[in-house]
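J.: The structure that follows is given in the form of structure tokens.
The values are calculated or read from the model by the stated rules, or taken from the named source; none is laboratory data. These numbers come from a predicted model, not from an experiment. Neighbour counts are summed over all protein chains in view; Cβ atoms, including those assigned to glycine, are modelled from backbone coordinates with ideal geometry. SASA here: full protein model, heavy atoms, side chains in, ligands and nucleic acids out. Shrake-Rupley method; radii C 1.70, N 1.55, O 1.52, S 1.80 Å.
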Amino acid sequence: MNPHDVVITGIGLASSLGEGLEAHAQALAAGTAPNTDATSFAPYPVHPLKPLELDRQIPKKSDQRQMEPWQRLGVYAAGLALDDAGLKQDAEAKSALQVIVAAGGGERDHAVDGAILTGLRGANEPGAFLNERLMGDLRPTLFLAQLSNLLAGNIAIVHGVTGASRTFMGEEQAGVDAIRTAHARIAAGQAEVMLVGGAYNAERRDMLLLLELGGYLRKGEFAPVFAREAAPGLITGSAGAFLVLESAGRAAARGAKVHARLSHVAAARSKRQSGTVEAALSGLLSGFGAIAPGALAVSAATGAAGVTAEEASVIAALPQARRVATGDLVGHALEAAFPVSVALAAAAISAGQAKEAIVTGAGHWRGEGAARLVKA
């Protein structure tokens, strides 16, 4: 390998399947039945997070208390990745380690949101009512306590990572660009090692409300991502994934185990007219070179109407590919969906289930991404 090739030396995964490389690789191989909850947020099913022993990665109870659930999940997954890469106790490496996080907004005050929405129904002037209530009911500190870059900050505090950090926002596209940027920086020689990923808490009514207002959620029982034509939509899942990306030269010098080589990552943003998603994803994959027959195709498809069928067409064009939908295993994790899918692909290659994997993902509203991983 070229010294500037980008390799994956650490994988941290936590979801409704549990935590760690082994649990997720086994689920990939066995086609494990999904763990879903169709009652807590009925009529919307979700993939709930399997309980974690937080003390294993976040030792201080005070740190655990001051984080929101999605932050605890992200910090936990980041710790798993650092452990897997053998960097948790390496202070020198952590001082150079750069972090890129794909994050959503902070969790909202459900009581305030509910009261405002109820009041809007009978308001004579909805706009004025909304402005009044937002100014009067929201605490001035609410947003400050929920800044999206707090996940990167908490990773630094809990795990002692003191390198530079960046936080990307923007739903599924944030996850794609986090991976793409980390890959590009290492490939260009601008960094030697990066920690990149994201986390999403699906068990929150504010996000379910937001997605339902856009008409994006599936109602009723679970159905596979590519079999939701009768009732299309997302089934969200709580999941966190972080990857340690490293230059091949650095990994070899320290004798690190390499799970897979991340050869390509690309992103696009189509206008979402009919056929544009298929064209965008096909265009991204055409830049990856020849794809071997029988490659594993890990799809971060959402299940949303239209766009999911176009992504399926792109995957069907891959030669004899074995298709796996991330959403069938762990649900759709918005900002974390692409990092989770890349982590699953790397886990499959590491476990000897595939020599090559293609990851695709088209967001429910905007943004497309693709990646190629090969056995190192």
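J.: Among the residues of the range 33-61, which ones are surrounded by fewer than 15 Cβ atoms within 10 Å (Cβ to Cβ) and at pLDDT below 95?
T.: Residue satisfying the conditions is Ala33 alone.
Residues checked against (1) in contact with a Phe, Trp or Tyr (Cβ under 9 Å, 6 or more places away or on another chain); (2) more than 15 Å from Arg180 (Cβ to Cβ); (3) among the aromatic types (Phe, Trp, Tyr):
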position	(1), (2), (3)
Arg323	yes, yes, no
Asp328	yes, yes, no
Ala333	yes, yes, no
Val342	no, no, no
Ser350	no, yes, no
Ala357	no, yes, no
Gly361	yes, no, no
Trp365	yes, yes, yes
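J.: All but one of (1) under 19 Å from the mean Cα position of the chain (by Cα); (2) open to solvent by 40 Å² or more (accessible area, probe 1.4 Å); (3) more than 18 Å from Val324 (Cβ to Cβ) hold for Ala77; state the number of the condition that does not hold.
T.: Here Ala77 clears every test but (2).
J.: Is it the case, given these coordinates, that Ser263 is touching a Ser or Thr at 6+ places or on another chain (Cβ under 7 Å), among the polar types (S, T, N, Q), open to solvent by less than 40 Å² (accessible area, probe 1.4 Å) and at pLDDT 95 or above?
T.: When the stated conditions are applied, Ser263 does not pass them.
J.: Another one. May I ask you to list the residues in the range 113-163 that are at pLDDT 80 or above, within 30 Å of Gly12 (Cα to Cα), open to solvent by less than 60 Å² (accessible area, probe 1.4 Å) and not β-branched (Val, Ile, Thr)?
T.: Ser148, Leu150, Leu151, Ala152, Gly153, Asn154, Ala156, His159, Gly160, Gly163
J.: Would you please list the contacts, defined by Cβ atoms under 7 Å and residues six or more apart or on different chains, that run from a residue in the range 53-82 that is free of Cβ contacts under 8 Å to residues at least 12 places away in the same chain to a residue that is surrounded by fewer than 20 Cβ atoms within 10 Å (Cβ to Cβ) and in a helix (DSSP H, G or I)?
T.: Short answer, once both residue conditions are applied: Gln64/Leu54.
J.: Another question, if that's okay. Inspect all residues belonging to the range 302-315 and state whether any of them is out of contact with any Ser or Thr (no Cβ under 7 Å at 6 or more places or on another chain), without any contact (Cβ under 8 Å) to a residue 12 or more places away in the chain, at negative phi and among the hydroxyl-bearing types (Ser, Thr, Tyr).
T.: no
J.: I need every pair where a residue in the range 179-207 that is free of Cβ contacts under 8 Å to residues at least 60 places away in the same chain has its Cβ under 8 Å from the Cβ of a residue that is assigned to a loop (DSSP other than H, G, I, E, B) and open to solvent by 50 Å² or more (accessible area, probe 1.4 Å), sequence separation at least 6 or different chains.
T.: none
Yes/no matrix, rows are residues, columns are (1) under 15 Å from Phe41 (Cα atoms); (2) hydrophobic (A, V, I, L, M, F, W, C); (3) in contact with a strand residue (DSSP E or B) (Cβ under 6 Å, 6 or more places away or on another chain); (4) crowded, with 18+ Cβ neighbours inside 10 Å:
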| residue | (1), (2), (3), (4) |
| --- | --- |
| Ala199 | no, yes, yes, yes |
| Asp206 | yes, no, no, no |
| Glu212 | yes, no, no, no |
| Ala223 | no, yes, no, yes |
| Ala227 | no, yes, no, no |
| Ala231 | no, yes, no, no |
| Leu234 | yes, yes, yes, yes |
| Val244 | no, yes, yes, yes |
| Ala248 | no, yes, yes, yes |
